[in-house]
1. Treating the angle as unsigned and between 0 and 90°, give the value, to the nearest 10°, between the Cα long axis of helix A:217-226 and the longest Cα principal axis of chain A.
2. Once you keep just the Cα pairs under 8 angstrom separated by 6 or more residues, what percentage relative contact order results for region A:94-139?
3. What distance in nm lies between label points placed 7 Å from Cα along the C-beta direction at B:V110 and B:D259?
4. Points 7 angstrom from Cα along the Cβ direction at A:K227 and A:R347: gap in nanometres?
5. What is the mean projected area of the alpha carbon convex hull for chain B, to one decimal in square nanometres?
6. When a/c is below 1.5 the answer is rounded, else prolate if a/b is larger than b/c, else oblate, so apply that to region A:219-306 with a ≥ b ≥ c taken from the square roots of the Cα gyration tensor eigenvalues.
7. Only loop residues by DSSP count here, and only those with at most 10 other Cβ atoms within 10 Å; note down the chymotrypsin sites (Phe, Trp or Tyr not before Pro) in region B:150-194 that meet that.
8. Mind running the shape call on region A:158-282? Use the C-alpha gyration tensor, a ≥ b ≥ c as the square roots of the eigenvalues: rounded below 1.5 for a/c, prolate if a/b tops b/c, oblate otherwise.
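What follows draws every value from the coordinates through simple rules; no lab data is involved. In this text the structure is predicted, and so the values were computed from the model without any measurement. Reconstructed Cβ throughout: ideal geometry from the backbone, glycine too, with neighbour counts over all protein chains shown.
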Amino acid sequence: MNESHTMSACGSIGARAGLVALVFGLAASFGALAQTTRPIKIGMIYAKQGPSASLGEFLAHGTELALGQAGNNVLGRPVELTWLDEADPQVAQQNMQKAIDEYKVIAVVGGNSSASALAMMSVASREKIPLILPGAAASEITGKNCNRYTFRTQATVPVQMRGLMPYVSQLGKKVYFITPSYAFGQDILRSSRAMLKEVGLTEVGTDEVPVNTADYSSYILKIRQAKPDVVVGGLVGLDLSNFLKQWNELGMKDKIPFVEIAVSDTDFWNVGPVASTGIYVKPWYYNNPDNTSSEKKFVADFTKKYGRPPSDKAWSGWIAMRSLLESIEQANSTDSAAIIMALEKWRYTEGKFPAFYREWDHQLIKPAVIVQIKKDITDKWDYFNVLKLTSDTEAETAKSFGTREEIGCKMGPI
Amino acid sequence: MLESLLSQAVNGLVLGFIYVLIAVGLSITFGLLGIINFAHGAFFALGAYVAYQLYQMFGWPAVVFAPIIVGLVGMVVEVVLIRRLYGKEPLISLIVTFALGLLIEALIRVFWGSDGKPLSPPSPLTGVFEYGPLLITKYRVAVLLATALTLAALWAFLSYTPYGRILRAGGRDPEMVDMLGINLPRLLTAAFGLGCAIAAIAGVLAGPLWTVSPSMATNAIMPAFVVVAIGGLGSFRGAVFAGLAVGVVISLTIQFKPDAAAASMYAFMFLMLLLRPRGLFGERWERFE
């Protein structure tokens, strides 16, 4: 009797121990399962309102589609994407902080305005969260203000202006500038003025226009008085649309050619074929026959989902998100430092030569595309003819983006 | 130099007339109801959007109904929301109408999207008049005439018709008007509707000038407040003078120092409020003192 009692006591202790071990084991594995299936949070900061609302909309759609194409997950975990507003630099900076503190994002893809980007970058650096800027062309972002946590996809102002200059000098000698009164516009003036001297052009007038100006008639009168051979613009989003509309209405469209950099398809879709005119530099064009196969698939998927083709902003959001997701997979971790290092090694190998983030300034080295408004626009969305890229070979591209000394970026450790 | 000044000044007049129209609606709402309507810019934008929608569905002639529709919307808003603000302190009406303005702008974005809608002037009005340095589109001249006519009609309505006189009396002394047997609440509803309709007329006219977009509301309300502050709250004459002055000042500033253009009207307002706080033609309102 005693033995059987002892046996059963031992047995029951063993059984209890076994049960406890089983429960702990299950709990641990559930915990681990929860850990691995807990969603990864990524933030998007794009304009939902204001003159850049159309740009923000396409940026967000492109970013979302890149995630969708990757199956809405990374590292086997689902991704939660949160879209916060980029109404102005203050709001953008606050939302960046909010995304990190409240939403606990591991990275942010966002920032189209150079002014907002500069504000968001400082948060990224302080909080040690990777930030990929799909827009924002001002040079100081990967120049004197650069930091280890910020990456940028759009070609810089000097690269785009250098691509545009040969066309400007073909059009004449006297140049009038109409640029917005913030970092991006000021960079255009700075870069252009240096280049004008090289090609023997003269500046006959400059207007720095406040952002969100609705009425350009007074500016157009000034341009008309100055009688330039070509007008170089810098207006963004709806401001550009408004300007072109009024430029056309005042009969100036066929009198003086207009050129600009860093424009987007929506700027022209919003104004219509009648008023659209000019030669432009932009990151990408959906109807470029030289697009890679994944880009063509992106165009098809986007058009199917949203009923219209992707603007260059959609592509910018797409490539930025792609680079982030692929880097997270490569790093096999959501740790910021690991992601940063993976991004620095990331390459987009489709196309004639690879595109990559330059290690010492985090600028995406990829040529922009130079386009011209078609003479006869018959399709609802296809407004442009592709003229050429800003650089045709790998060596030319690297050179056009500048040397370390020229760029002046000094990055710290992670 | 003189020629450029002249052409800018003429351009400024057109801009000014639109500002006058927006400001007059705001001034009327304040003068007759004692409510500072922060949603005024939103009704301006709504006018432009309704006009755009009517144009898309029925063509240009249907656009005349846009101010009427917005006026009706304004009347509904008055019955539902605004009449609860009468007699309360001004801060409450500011906050409520500000929120209303944001709501209307958000609804616009939901129905029509955040992007700009291109709206061109009707074909007989495309083209320009060019006299030497003077360059002005036919449409702008039409806007000038239309605003002048609207303002004249409004002034005649308020000064000479019995209904207009009742409205003005209701603004002055609502209790007396009530005691005279006139249905005051209905009067006030109509007055608010009128203010919104005028904002909508300005929106319809401005739509083809500046792209129809949700941010139109802010572009309208800020100059409207500046104009009303300079001209005097509640004063029709003041709104006209101040509106034209602001339009011309902005255009001339663009000629010489474009980045100060937006700031110039605020500088003007600042000066005016320092020198004569009630504005050019403003009157002391018993309500506030």
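1. Taking Cα atoms only, the helix is inclined about 50 degrees.
2. 45
3. 4.1
4. 5.5
5. 15.8
6. Prolate, since a/c reaches 1.5 and a/b exceeds b/c.
7. Listed in order of number, the matching sites amount to none.
8. Rounded.
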